[in-house]
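Asks: Just passing along the structure, written as structure tokens.
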Amino acid sequence: MQKVAEIAQKRAIQLLNQGAVNRVLGWKKGEFPYDETPAVFASADELKDFVYDSFSSPNLSKYLIEESRKEGKVLAFLKPCDTYSFNQLIKEHRVNRENVYIIGIECGGMIDVVTLKNRGAVGLTGADDDGENITAHTLYGDVKVRKEEVLLEKCQACKGKKHVIYDELIIVNPQDEKPRDRFAGVEAIEAMTPQERFDFWRAQLSKCIRCNACRNICPACSCLQCVFDNPKSGVASKASPDTFEEQLYHIIRAFHVAGRCTDCGECSRVCPQDIPLHLLNRKFIKDMSAFYGEYKAGEDSETRPPLVDFSKDDVEPCIISDKGGDR
Amino acid sequence: MSVENKEFKPTIVAFCCNWCSYAGADLAGSGRMQYPADVKIIRVPCSCRVNPMFILRAFQRGADGVILCGCHPGDCHYSTGNYYTRRRMTMLFDFLDYLGIERGRTRVEWVSAAEGARFASVMNDFVKKVRDLGPNRKITDLRCKPVEKEGE
Ligand code: SF4
Ligand code: SF4
Ligand code: FES
């Protein structure tokens, strides 16, 4: 991982010096040693702060909406899952592809800081990743855990380590990891009774403080004016005054990204209340593939998303109401 | 409870597209076909005008069931509107089911301008199903609802 970061940094400086790009979008250390933060670097000197390690989870694609409209070319480092988001943004004409030079960067999976802390790594000052194990350095000594156990949810359900769009790649340790199963969680909920499902979501959604972090981080949520910011919409309030509004926010948020969500997992990662938002998004992803044919948003930049397309012999909505079983 | 249940009159919101279903409702009316007065019709230019938010809003403001009616697939006045409706509503309804909301509370039906009798029978059937489900308490602004007493 260390090596990948060094190569990436060198290559970025090279491209800057050649004048091929005039700035670089990457990550730098945040407030804490484990909150790598997106940053734009404009010179070799600034690039000294560049980091890329197992905490570089932020998806940089969304930043390219703005960056790609500015003067000159920007170099962006994208992890495999980030490239799906970028493709989707091209499809929606939200980014200017010509202005971006993409380096697909190897990813060995990102660490979930909360899980790591829960595994005893309090007072975290840094971590080493050897691919198999994480050695977390803390104020109170080292804690060693198996990496698999502290991966972010999105990485546990990784779509595969293939970059779907790039200009060049930095891959030191090639991985031929197959896409993992993403839908077990959805299936578990589907298997519950309606009342259990209701109770499950009631418990989850009532935790929501409407910080809107899930929307703000989402690369698909790129509207200039969001419905939830419109005071006339009746859903613009902060913490929801009633249970309906909690449902409304989450149904509409998930619906707005249905067919466009690449399952980059950022919403669940940033939620301070630990609400499993990916389980909402993945329900739509699963349904669309089941009803309208296998579809993966962001896999390419041309295919029409299922909800802006149709076929004459689509299933009728009554297959839901007539599902049988209790109600 | 059983006595109350018999008296329960569900509030039904029916979104009807101007070109077919609304005309179908009209025909049902002029033909004096009976369907419950609890069905509140909202006319929309095309079934595809109905945004998922409309359905949710109807529930919020007190609907016990929401039905969306449009032209038969292939007959939409705007050629393809109802094809989009079909996908959109399939997705929405399955999602509501996923959240644990009774799936009998939502429905899509295709009713043409000539199908007055069908309009009435669709409404009768839907109202009956929703009446059996009882009042909507799972997706609504509960502050607007009467308090549910213990043991009910
Ligand atoms: S989902 Fe896959 S590609 Fe994305 S950060 Fe996790 S392991 Fe890397
Ligand atoms: S990030 Fe979590 S708490 Fe914040 S609005 Fe989204 S779901 Fe609610
Ligand atoms: S006009 Fe009736 S469904 Fe489009």
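The values are calculated or read from the model by the stated rules, or taken from the named source; none is laboratory data. Quantities reported herein were computed from a predicted structural model and do not represent experimental measurements. A quick note on method: Cβ atoms are made from the backbone with ideal geometry, for glycine too, and the neighbour counts reach across all protein chains shown. Just the protein is used for accessible areas: all its heavy atoms, side chains included, with ligands, DNA and RNA removed. Shrake-Rupley method; radii C 1.70, N 1.55, O 1.52, S 1.80 Å.
Asks: Let me spell it out: the conditions are (1) in a loop (DSSP other than H, G, I, E, B); (2) more than 12 Å from chain B (Cβ to nearest Cβ), and A:Lys232 meets all of them except one. Which number is the exception?
Replies: All conditions are met except number (1).
Asks: Residues in the range A:179-186: is at least one in a loop (DSSP other than H, G, I, E, B), away from ligand 2 (no atom under 14 Å from the Cβ) and modelled with pLDDT of 95 or more?
Replies: Within the range A:179-186 (the criterion being in a loop (DSSP other than H, G, I, E, B), away from ligand 2 (no atom under 14 Å from the Cβ) and modelled with pLDDT of 95 or more), the answer is yes, since at least one residue qualifies.
Asks: Scan (1) away from ligand 2 (no atom under 16 Å from the Cβ); (2) touching a Lys or Arg at 6+ places or on another chain (Cβ under 8 Å) for the single condition B:Asp26 breaks and write down its number.
Replies: (2)
Asks: Right, next: Got at least one residue in the range B:88-95 being under 30 Å from A:Arg282 (Cβ atoms), outside any helix (DSSP H, G or I), within 9 Å of chain A (Cβ to nearest Cβ) and at pLDDT 95 or above? Let's see the steps before the verdict.
Replies: In the first step, residues of the range B:88-95 are kept if they are under 30 Å from A:Arg282 (Cβ atoms); the result is B:88-95.
In the following step, the residues that additionally are outside any helix (DSSP H, G or I) were identified as none.
The answer is no; no qualifying residue exists.
Asks: All but one of (1) among the hydroxyl-bearing types (Ser, Thr, Tyr); (2) open to solvent by 30 Å² or more (accessible area, probe 1.4 Å); (3) within 9 Å of another protein chain (Cβ to nearest Cβ) hold for B:Tyr83, so report the exception by its number.
Replies: (2)
Asks: If you don't mind, there's one more thing I want to ask. When residues of the range A:247-301 are filtered for being within 16 Å of ligand 1 (Cβ to nearest atom), part of a loop (DSSP other than H, G, I, E, B) and more than 13 Å from chain B (Cβ to nearest Cβ), how many remain?
Replies: Total satisfying the criteria: 8.
Asks: Could you please find all residues in the range A:105-119 being open to solvent by 30 Å² or more (accessible area, probe 1.4 Å) and under 14 Å from the mean Cα position of the chain (by Cα)?
Replies: Once the filter is applied, which keeps residues that are open to solvent by 30 Å² or more (accessible area, probe 1.4 Å) and under 14 Å from the mean Cα position of the chain (by Cα), the range A:105-119 yields only A:Asp112.
Asks: Scan the range A:163-183 and tell me whether some residue there is out of contact with any Asp or Glu (no Cβ under 7 Å at 6 or more places or on another chain), under 30 Å from A:Asp287 (Cβ atoms) and within 14 Å of another protein chain (Cβ to nearest Cβ).
Replies: Checked the range A:163-183: at least one residue is out of contact with any Asp or Glu (no Cβ under 7 Å at 6 or more places or on another chain), under 30 Å from A:Asp287 (Cβ atoms) and within 14 Å of another protein chain (Cβ to nearest Cβ).
Asks: Just the residues that are among the acidic types (Asp, Glu) and open to solvent by less than 40 Å² (accessible area, probe 1.4 Å), please, taken from the range A:205-257.
Replies: Correct list: A:Asp242, A:Glu245, A:Glu246.
Asks: Test B:Ala58 against the criterion of being free of Cβ contacts under 8 Å to residues at least 24 places away in the same chain, more than 16 Å from ligand 3 (Cβ to nearest atom) and of a type in the set (A, V, I, L, M), and give yes or no.
Replies: Here the answer is no, as B:Ala58 does not meet what is asked.
Asks: State all residues of the range A:187-204 that are surrounded by 12 or more Cβ atoms within 10 Å (Cβ to Cβ) and in a loop (DSSP other than H, G, I, E, B); if no residue qualifies, say none.
Replies: A:Met192, A:Thr193
Asks: Regarding A:Gln225, is this residue within 16 Å of ligand 2 (Cβ to nearest atom), among the polar types (S, T, N, Q), modelled with pLDDT under 95 and under 23 Å from the mean Cα position of the chain (by Cα)?
Replies: On the way: within 16 Å of ligand 2 (Cβ to nearest atom): no; among the polar types (S, T, N, Q): yes; modelled with pLDDT under 95: yes; under 23 Å from the mean Cα position of the chain (by Cα): yes.
Answer is no for this residue.
Asks: Additional query: Among the residues in the range A:139-149, are any away from every other protein chain (no Cβ under 14 Å) and part of a loop (DSSP other than H, G, I, E, B)?
Replies: yes
Asks: From the residues in the range A:160-176 that are open to solvent by 60 Å² or more (accessible area, probe 1.4 Å) and charged (D, E, K, R), which one is nearest to A:Ile102 (Cα to Cα)?
Replies: A:Asp167
Asks: While we're looking at this one, here's another question. Restricting to the range B:7-61, and then to whatever is charged (D, E, K, R) and part of a helix (DSSP H, G or I), can you tell me which residue is nearest to the other protein chains (Cβ to nearest Cβ)? Don't jump to the end; show me each part of the working.
Replies: Of the residues in the range B:7-61, the ones charged (D, E, K, R) are B:7, B:9, B:26, B:32, B:38, B:40, B:43, B:49, B:57, B:61.
Then keep just the ones that are part of a helix (DSSP H, G or I); that gives B:7, B:26, B:49, B:57.
Values: B:Glu7: 21, B:Asp26: 24, B:Arg49: 15, B:Arg57: 8 Å.
Here the answer is B:Arg57.
Asks: Another question about this same structure. Taking the condition of being open to solvent by less than 50 Å² (accessible area, probe 1.4 Å), closer than 27 Å to A:Tyr166 by Cβ and in a loop (DSSP other than H, G, I, E, B), how many residues in the range A:302-327 meet it?
Replies: Qualifying residue count, the range A:302-327: 1.
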